[in-house]
Amino acid sequence: MDVVEEVRKLILPILDELDLKLVDIEFTKENRPILRVYIYDPKGTTIKQCEIVSRRLGELLDNEDLIPYSYILEISSPGLNRKLKNKEEYEIFKGRNIKIVLKEPMDKKNVFTGVLEGLEDDKVLIKDNDKLIKIDLDNISKARLND
């Protein structure tokens, strides 16, 4: 059983109802297992939203007995300078400032900053001073929100 995928199935209806986006789920089994869920509201994720999601997801997890041992449940926003980890995040964070470091230089530059415009045909679109820049997803070494 893949805990992350099962949690994804449980949480998506909750987030849809609250008009929130799922950014990431992490499940670590270090000293004490931790289930971390990152949620996002383009208008600003609030503590109250995190509390509501935590309570509702916690109840579902207890009822489903998905994790049959003691663990910590953490619900939070992705943070101001989050490192982008997957393709979906380039759509989720559309409109936010971003800094992208390339593997191979493009136009003699390997660092670009601007406003994230989304993803199109595996190219990340950023606007820098009214100029639209298209960067191949495969050429990105690191991408981070830059607010």
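Table for the structure above
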{"item": "Options LEU35, LEU66; residue that is more than 19 Å from LEU80 (Cβ to Cβ), surrounded by 14 or more Cβ atoms within 10 Å (Cβ to Cβ) and touching a residue at least 60 places away in the same chain (Cβ under 8 Å)", "result": "LEU66"}
{"item": "Unique match (being out of contact with any helix residue (DSSP H, G or I) (no Cβ under 6 Å at 6 or more places or on another chain), modelled with pLDDT of 95 or more and either closer than 13 Å to ALA143 by Cβ or surrounded by 16 or more Cβ atoms within 10 Å (Cβ to Cβ) (or both)) among GLU117, GLU17, GLU74, GLU51", "result": "GLU117"}
{"item": "Selection status of ARG56, more than 26 Å from ASP128 (Cβ to Cβ) and at pLDDT below 95", "result": "no"}
{"item": "Selection from the stretch 97-126 of residues that are more than 15 Å from LEU84 (Cα to Cα) and out of contact with any strand residue (DSSP E or B) (no Cβ under 6 Å at 6 or more places or on another chain)", "result": "GLU104, PRO105, MET106, ASP107, LYS108, LYS109, GLU120, ASP121"}
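The values are calculated or read from the model by the stated rules, or taken from the named source; none is laboratory data. Quick caveat, the model's predicted, so the values are computed rather than measured. With ideal geometry, Cβ positions are generated from the backbone for all residues, glycine too; neighbour counts draw on all protein chains shown.
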